[in-house]
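What follows is a short report on a single structure.
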Amino acid sequence: MYLTSEKKAEIFAQFGGDAKNTGSVESQVALFTFRIKHLTEHMKNNHKDVGTARALSALVGKRRSMLDYLKEQDIERYRALIKALGIRK
């Protein structure tokens, strides 16, 4: 399995401030980004996997809506997060 509980705790600790802070926008976006990167690699090898393609689109949409929310609430946290994750250029 690509996403173990230790890896999740590491992501939450790095972006949420604490391993138990799983609900913050930053930690959720970081987790979605990790999953999107994994599914993107999977799709490169399995381009006919329609279910994974649909799940990937859903994840990208969820991440986009969370980033829009963060952008409305606090633009500085938004800019720091996209820079840390390398989402945009």
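Here K20 clears all of (1) over 12 Å from the mean Cα position of the chain (by Cα); (2) surrounded by 14 or more Cβ atoms within 10 Å (Cβ to Cβ) except the condition numbered (2).
Residues in the stretch 41-89 that are of a type in the set (V, I, T) and loosely packed, with under 13 Cβ neighbours inside 10 Å: V50, I75. Applying the criterion of being open to solvent by 40 Å² or more (accessible area, probe 1.4 Å) and of a type outside the set (K, R) to the residues of the stretch 29-40, the residue that is nearest to the chain's Cα centre (by Cα) is F34.
So which residues in the stretch 1-27 are charged (D, E, K, R) and touching a helix residue (DSSP H, G or I) at 6+ places or on another chain (Cβ under 9 Å)? If the condition is that a residue be charged (D, E, K, R) and touching a helix residue (DSSP H, G or I) at 6+ places or on another chain (Cβ under 9 Å), then K7, K8, D18, K20, E26 are the ones that fit.
The values are calculated or read from the model by the stated rules, or taken from the named source; none is laboratory data. Here the structure is a predicted model, which is why all the values come from computation and not from measurement. Quick reminder, even Gly has a Cβ in these numbers, built from the backbone with ideal geometry, and neighbours come from all protein chains shown. All accessible areas refer to the heavy atoms of the entire protein, side chains included, with ligands and DNA or RNA removed. Shrake-Rupley method; radii C 1.70, N 1.55, O 1.52, S 1.80 Å.
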